[in-house]
1. Mind checking whether some residue in segment 80-97 is within 16 Å of the chain's Cα centre (by Cα) and in a helix (DSSP H, G or I)?
2. With the requirement that a residue be in contact with a Lys or Arg (Cβ under 7 Å, 6 or more places away or on another chain) and surrounded by 15 or more Cβ atoms within 10 Å (Cβ to Cβ), what does segment 69-84 give you?
3. Being modelled with pLDDT of 95 or more and not in a helix (DSSP H, G or I) is the requirement here; does VAL229 meet it?
4. Return the residues of segment 159-199 that are part of a loop (DSSP other than H, G, I, E, B) and surrounded by 15 or more Cβ atoms within 10 Å (Cβ to Cβ); say none if nothing qualifies.
5. Within segment 59-81, identify whether any single residue is polar (S, T, N, Q) and free of Cβ contacts under 8 Å to residues at least 12 places away in the same chain, and answer yes or no.
6. Hey, could you check segment 50-67 for residues that are open to solvent by less than 10 Å² (accessible area, probe 1.4 Å) and part of a strand (DSSP E or B) and say which is nearest to GLN130 (Cα to Cα)?
7. Considering only segment 85-127, how many residues are open to solvent by less than 70 Å² (accessible area, probe 1.4 Å) and modelled with pLDDT of 90 or more?
8. Could you look through segment 128-158, keep only residues that are among the basic types (Lys, Arg) and in contact (Cβ under 8 Å) with a residue 24 or more places away in the chain, and pick out the one that is surrounded by the most Cβ atoms within 10 Å (Cβ to Cβ)?
Amino acid sequence: MNGVVKDLFSNYQNEERSLVEQLFFKAKHHVTIGTYREQLWQEMFENIIPKKFVIEQSVFILDSNGKISHEVDLAILDVMYTPYIFKKGSLKFIPIEAVAVAIQCKSVSTPSSSKIEEWVTSIKQLKTKQSGIARMATTLVQGKGSETQKATRPILIYCNLKGSEQGTNEKYFDITITASEKEKKLEMRLHEESFKSIHSVYKHLNFSEVGTDDYRINGDDREMEQYRVPGSTLLSLNFILNQALMLLNNPMLFPHIDYVNLFKEKEGNVDGKSDI
């Protein structure tokens, strides 16, 4: 059995090395290579996350107040109970209630902190509502999980290639993954506050609209760094990300009536700043 585990670990290391080599593939057409890299990151996450989630490329996230995010390179979402607001070809609008992870993918050139902060703010400004209705075991309920999830926001991940300037944008993201061409491996850093421990992840992802004291926690706390497996960032990401997704667990009940009212009030013209 130990031999099998050792082989699995080696496979993770090989996969990581291969991914980094592909990410640094050189081409003259920057738009094409940018899309190619996004697809590589997408494939990496698809090999890690449970099949209840899907990954969409180039999406806009919106809420029932009519606010719209900037374009999101990759979004991991739970579509079992939450509909797309609009999907036609490559144009996709996804409600905030469905989105578990929002991922920004960048190459070597480091974007300005103001641009990154604007992107993150456009997502964090989106607000959920607890008016969703569904049948549970014995009756109809509204706002399921209101005591353990009063709001939600996606896990924010920054995927980039190691360049001359590093660390300037990490403060805006829960997880930063950097590919190092020299080391031929991935590097991962966790936000020192939002991803410090189980309790901090739970609080930041499920109580984004309420005070820091307005949440309930049972069980022992645990540092997220304890989930790191030395020698393999890819394997570490597997355990860290999936543990965080379990703290989100199921999406909030979709507030259909609030989105209905949005279109009634706005007559199809939604507010909010976007990149469209």
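The values are calculated or read from the model by the stated rules, or taken from the named source; none is laboratory data. Keep in mind it's a predicted model, so treat the numbers as computed, not measured. Please note: Cβ atoms are built from the backbone with ideal geometry, for glycine as well, and neighbour counts cover all protein chains shown. For accessibility, only protein heavy atoms count, side chains too; no ligands or nucleic acids. Shrake-Rupley method; radii C 1.70, N 1.55, O 1.52, S 1.80 Å.
1. Scanning segment 80-97 turns up at least one residue that is within 16 Å of the chain's Cα centre (by Cα) and in a helix (DSSP H, G or I).
2. If the condition is that a residue be in contact with a Lys or Arg (Cβ under 7 Å, 6 or more places away or on another chain) and surrounded by 15 or more Cβ atoms within 10 Å (Cβ to Cβ), then ASP78, TYR84 are the ones that fit.
3. yes
4. LYS162, GLN166, ASN169, PHE173, ASP174, LYS184, HIS191, SER194, PHE195, LYS196
5. Among the residues of segment 59-81, not one is polar (S, T, N, Q) and free of Cβ contacts under 8 Å to residues at least 12 places away in the same chain, which makes the answer no.
6. LEU62
7. Number of matching residues: 22.
8. Within segment 128-158, the match that is surrounded by the most Cβ atoms within 10 Å (Cβ to Cβ) is ARG153.
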